[in-house]
Structure formats: C-alpha cells, structure tokens
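Participant: My questions all concern the structure below.
The values are calculated or read from the model by the stated rules, or taken from the named source; none is laboratory data. Keep in mind the model is a prediction, meaning the values are calculated, not measured. Ideal geometry is used to build each Cβ from the backbone, glycine not excepted, and the neighbour counts take in all protein chains shown.
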Amino acid sequence: MSQLLAGLDIGTSGVKVGIAEASGRMLGLGRAGHENESPREGWVQCPPERWWQGAVAALRQACKQAGVSPGDIAGVGVSVLFPCVVPLDADGRALHPALLYCDRRSGAEADAIAGLVGKDAYEAQIGNTLVPGTCAATSLLWLREHQPDAWRQARAVGFANTAITAQLTGEFCTDPTQVALSGLVDIRDPWRWDEGLCERLGVDVGRLPRVAGAAEVIGTVTRAATEETGLRAGTPVVCGCGDVPASALGAGAADSSTVIYVAGSTDCVAVPTHVPTADRRWVNSAYIPRGMWLPIGTTTSSGVSVEWFVREVLGNGGLQAMTALAEQAPLGSHGLLFLPYLQGERTPIWDPRARGCFFGLSARTSRADLARAVLEGTAFALRQVVECLEGVAGVAAGQIRAVGGGTRNALWNQIKANVLRKCLAMLEFQETSALGAALLAAMGVGLHATFSSAAAAARSGNRTRLVEPEASGELAYEALYGQFARLYPATREIAHCLASAPGTA
C-alpha cells in the first residue's frame, strides 16, 4: 500500500496542499490564493468554488514538487477555516457563498437567539459566546431568513469541510470540531447535534450534515472528482476538521503540556484539555480524540492588519517592504499605538463592533512609525490572549510552539517574543495544518493506529528554532502594553457609535 497522503488546507486567504508520508515527512507543498467578498460593511463571504479550484491547482503543484502522481495518493485529509457556513445542493454545489467566521451580518439573529433561549443559558449549554459568525447558528438563521430559496433547496447546510469532501466523495459530513462551534450543541457531547436545541431554533436536523470523526473515512473519490484532480477513483477521504485542531496535530500537540500558537490571517493560541473551559473569552472546540477539547483564544485580524497596511498604505512591496520600513522606527513607534480590530475582535473582548485605530498620531509620525505600530499592536493583542490562556490552564505558559505564515518574519517574531516575555519555538516546517490533514488521512487508512502515534510522528519530524525575548525589549514594552490594554475600553463607546452610523452597518 502506498504511504503517500494528501492534506488539503482550506484557509481564509488561500489553499495549501501537502503531500506527506505517514512518518510526518512532507514531500511537496502547493499553494493557491483566493479572494473573499465583502459586498457590505461587516460581510465576509467566499464562493466555495474558489476553494475547490485552489485545491485542484495546489494539488498539482504539490505532486509535481514531490515527484509523484495524484493517483499514487493513498488517502486524503482536510483542514478548513472554521466555523464557515454554506448551503449545498444534492450535487454538493453551493447555493450561496459561504459565510465566514468573521462575518457579522447576523447580529439580529444573535439577538433573536438570546431572546428565545436566554443568552446566559444558551452560552452555558453551547460552551461558547453568542457572537455573530463565530457562533455558526447565527449565520444559519440568517440564511434561513434572508435566503429562503437556498435554504429550501439545500441538501445540507454545512461547513467548509462539508463542501470540500462533498466535492470529492458526494457525501455530506462534518466533524466535532465544527459541531462544537455550531451553536447547535451541548458542549459536553460535540459528537452529535443537540436535537432539542435545533428544534427550539427552528433548524431541521435533517438539513445538517452527518457528524463523523475527523479521521473517519466518510467516502471515496468519485469518478467526477478524479477527472478534475487526477486522484484515483476509490481513494479514501476522511472527514477532516477545523484548521486550528489540524494544526495542533501537525505541530505534535497531544496533551496540555504543549501550547500552540498559529499565526495567520487571524492569530490563534490553543492548548489541549480534558474538559471544556468555562472561560467565555475562549472558544471551546472539540479536539480530534473523543473526550478531548481544544480551547482556542483568537485575535481576529492580526495577519489581516498587516495585509491591509501593505495593500492600502504601501500599495506594493509586500511584507518585506513593510518590515524594512518598520526597522527604521524605534521601539514603541514614537508613542504610536495601533488597535488591530479591523473586523471586530474576539479574545478577550468579544466585541463585533470594535474598530481599529492609530492612536498618538503627531506631526512627527512617519510611515515607518505606522508600519512598526501595526506589528507591535498585533503583538500586544496576542499577549492579551496568552494571559487569558494562563487563566484557562491554571499555570504560566512556558515555551510556545509557533507555526503558520505569520512566523516567517524575523522582526515581527522578535517583537512578539519581547512583548510576550516568553520564548517562541518556531517550527522549521510551518504548514502544520496541511500536515495535520495528511496525518488524519494516515489515521483513517490505518497507517497510524492512534492519535498519539500521529502526533508523535509530527513532533519527531519537525525541528524548532528558538526566539528568546530580549531583556531591553521586555522592559520597554511593559509600559506600552499597559497603555494598549487601556485603549479599547477608552474608545469602546465611540467605536460602537461609528459602527452603527448610516452606511457602515
């Protein structure tokens, strides 16, 4: 039997596909970018066809780099952005663009759920905060109310892994990591839909996808999918899971001794636990093994803030040009602070109406100050998440294993280490979501008998490079961090007024 696995990683701004061995060694990696749509302020959506086209293109690249044929692949795993809601017809085609986790259009639906169930009772049951988009039930209800034709025609209203695996296999499934964030669950048992809660909210369980384990084989590649991908018809496909749990597996996180930091369009910090946390500042995801959870703290717009600055302020040159500019500014950016709340914020404030800002502009402020302030502001937001983690775990976080595209920049890494006052262990191979997806496939086809075996393979095959905090930077950032922490409470009321102004909702 071939030991080659394909891991499809569907992200917020692009798709990556990795070809790996069960040992955890990555042989090839392909990438394809895609753009999301924002037809109105606060709306963030993406046609799933872009994910599929990106996956097909990235698979070809990965196979070419690995020197193999798609037909050599023994199993396919999937890692996806989550939660992300999409209605699908009987052929697996999207009836409406997928509503992303950062989409805020469903505020009225969140209010309706709070009025019907009671906000406190609802959050206690689902184990998560009732926030538009991040609680997928609000997006589900928005589709039901505002897209009735799509809702009525849907074979399944599912998630990103539902859409991709349906294209591959014709089956409609999702996994406990998605169910845990659905808002249609008792968090104590994310392996099934809560039928009583679904009934109260008017959601037909029959329209929801079947719940399967992330490493469970839910079908095989169809002949139609073979024609587009080159994968052999009959190749096993596992259900897959959310990208943060997949990345945690790909980084080797088997228990609560390992803290994972995923730096991307959003920043996520996660730690495996045996019970869901009661701290509502965190998201309770299920983890891959039954009986484990993965509390996740998230800043919504870390990488998004950098992408925005490069696109709208610099106009070209990418992160390299932004870094060269930021290196010209002193630590603290001449007293300039940046709130990276371009899409609202999650951990720790959970406010979809929060807004970003530069504070402290003066006549001496330079573009270099602006560039460095963005890097520092995202690091301050990350520190707030890590401090919340220490409350959840009950102990101080030690070394943090860091992965993702946002860890490729040396200046940004050093700023983060200085602000956090902690050592960051940068994994040599960064694309752990794709690796985790491939290892899920390895579990599904029997190349790993247990989750622990797959996690051990991920650890053994990935070296780390340490970024230690600098003493001078630690001390200097302490006062600045205190000022950053006070900035949102001081501007909250103004931000809410601006978010409610005509033409911005």
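Participant: Can you pull out the residues in the stretch 168-185 that are surrounded by 24 or more Cβ atoms within 10 Å (Cβ to Cβ) and on the phi > 0 side of the Ramachandran plot?
Facilitator: GLY183
Participant: Out of the stretch 66-90, which residues are surrounded by fewer than 24 Cβ atoms within 10 Å (Cβ to Cβ) and either among the polar types (S, T, N, Q) or part of a helix (DSSP H, G or I) (or both)?
Facilitator: Within the stretch 66-90, ALA66, SER69, PRO70, GLY71, ASP72 qualify.
Participant: Would you tally the residues in the stretch 1-24 being surrounded by fewer than 22 Cβ atoms within 10 Å (Cβ to Cβ), under 30 Å from HIS448 (Cα atoms) and out of contact with any Phe, Trp or Tyr (no Cβ under 9 Å at 6 or more places or on another chain)?
Facilitator: Total meeting the criteria: 6.
Participant: I'm told THR162 meets every condition in (1) within 20 Å of the chain's Cα centre (by Cα); (2) within 20 Å of LEU4 (Cβ to Cβ) except one. Can you identify the failing condition by its number?
Facilitator: (2)
Participant: Mind listing whichever residues of the stretch 138-172 are outside any helix (DSSP H, G or I) and not aliphatic (A, V, I, L, M)?
Facilitator: GLN147, ARG155, GLY158, PHE159, GLY170, GLU171, PHE172
Participant: Could you say whether any residue in the stretch 465-488 is among the hydroxyl-bearing types (Ser, Thr, Tyr), surrounded by 18 or more Cβ atoms within 10 Å (Cβ to Cβ) and under 13 Å from TYR261 (Cβ atoms)?
Facilitator: Within the stretch 465-488 (the criterion being among the hydroxyl-bearing types (Ser, Thr, Tyr), surrounded by 18 or more Cβ atoms within 10 Å (Cβ to Cβ) and under 13 Å from TYR261 (Cβ atoms)), the answer is no, since none of the residues qualifies.
Participant: Within the stretch 37-65, how many residues are buried (at least 18 other Cβ atoms within 10 Å of the Cβ), over 20 Å from GLY404 (Cα atoms) and of a type outside the set (Phe, Trp, Tyr)?
Facilitator: Adding up the residues that qualify gives 8.
Participant: What residue, of VAL313, VAL283, is touching a residue at least 40 places away in the same chain (Cβ under 8 Å) and either of a type in the set (Lys, Arg) or assigned by TED's automatic domain parsing to the domain that holds ARG105 (or both)? Can you show your working first?
Facilitator: On the way: VAL313 fails: either of a type in the set (Lys, Arg) or assigned by TED's automatic domain parsing to the domain that holds ARG105 (or both).
The conditions single out VAL283.
Participant: Can you spot a residue in the stretch 117-126 that is within 30 Å of ALA251 (Cβ to Cβ), crowded, with 21+ Cβ neighbours inside 10 Å, of a type in the set (A, V, I, L, M) and assigned by TED's automatic domain parsing to the domain that holds THR177?
Facilitator: yes
Participant: Yes or no: THR134 at pLDDT below 95, in the same structural domain as ASN36 (by TED's automatic domain parsing), closer than 22 Å to LEU197 by Cα and surrounded by 15 or more Cβ atoms within 10 Å (Cβ to Cβ)?
Facilitator: Criteria met by THR134.
Participant: Any idea how many residues of the stretch 310-323 are assigned to a helix (DSSP H, G or I) and surrounded by fewer than 17 Cβ atoms within 10 Å (Cβ to Cβ)?
Facilitator: So the first thing to find is which residues in the stretch 310-323 are assigned to a helix (DSSP H, G or I), and the list is 310-314, 318-323.
Within this subset, residues satisfying the condition of being surrounded by fewer than 17 Cβ atoms within 10 Å (Cβ to Cβ) are 311-314, 318, 320-321.
Count: 7.
Participant: Look through GLY28, GLY42, GLY92 and report the one residue that is on the phi > 0 side of the Ramachandran plot, in the same structural domain as ASN462 (by TED's automatic domain parsing) and more than 22 Å from the chain's Cα centre (by Cα). Spell out how you get there, then give the answer.
Facilitator: Working: GLY28 fails: on the phi > 0 side of the Ramachandran plot; GLY42 fails: more than 22 Å from the chain's Cα centre (by Cα).
Being on the phi > 0 side of the Ramachandran plot, in the same structural domain as ASN462 (by TED's automatic domain parsing) and more than 22 Å from the chain's Cα centre (by Cα) holds for just one of GLY28, GLY42, GLY92, which is GLY92.
Participant: Can you name every residue in the stretch 282-309 that is more than 15 Å from the chain's Cα centre (by Cα) and crowded, with 21+ Cβ neighbours inside 10 Å?
Facilitator: Hits for the stretch 282-309 are ILE288, TRP293, SER305, VAL306, PHE309.
Participant: Right, something else. Taking the residues in the stretch 97-116 that are surrounded by 21 or more Cβ atoms within 10 Å (Cβ to Cβ) and touching a helix residue (DSSP H, G or I) at 6+ places or on another chain (Cβ under 7 Å) as candidates, determine which candidate is nearest to CYS198 (Cα to Cα).
Facilitator: ILE113
Participant: Evaluate the following for LEU447: is it in contact with a strand residue (DSSP E or B) (Cβ under 9 Å, 6 or more places away or on another chain), modelled with pLDDT of 95 or more and not in a helix (DSSP H, G or I)?
Facilitator: Considered against the rule, which asks whether it is in contact with a strand residue (DSSP E or B) (Cβ under 9 Å, 6 or more places away or on another chain), modelled with pLDDT of 95 or more and not in a helix (DSSP H, G or I), LEU447 comes out as yes.
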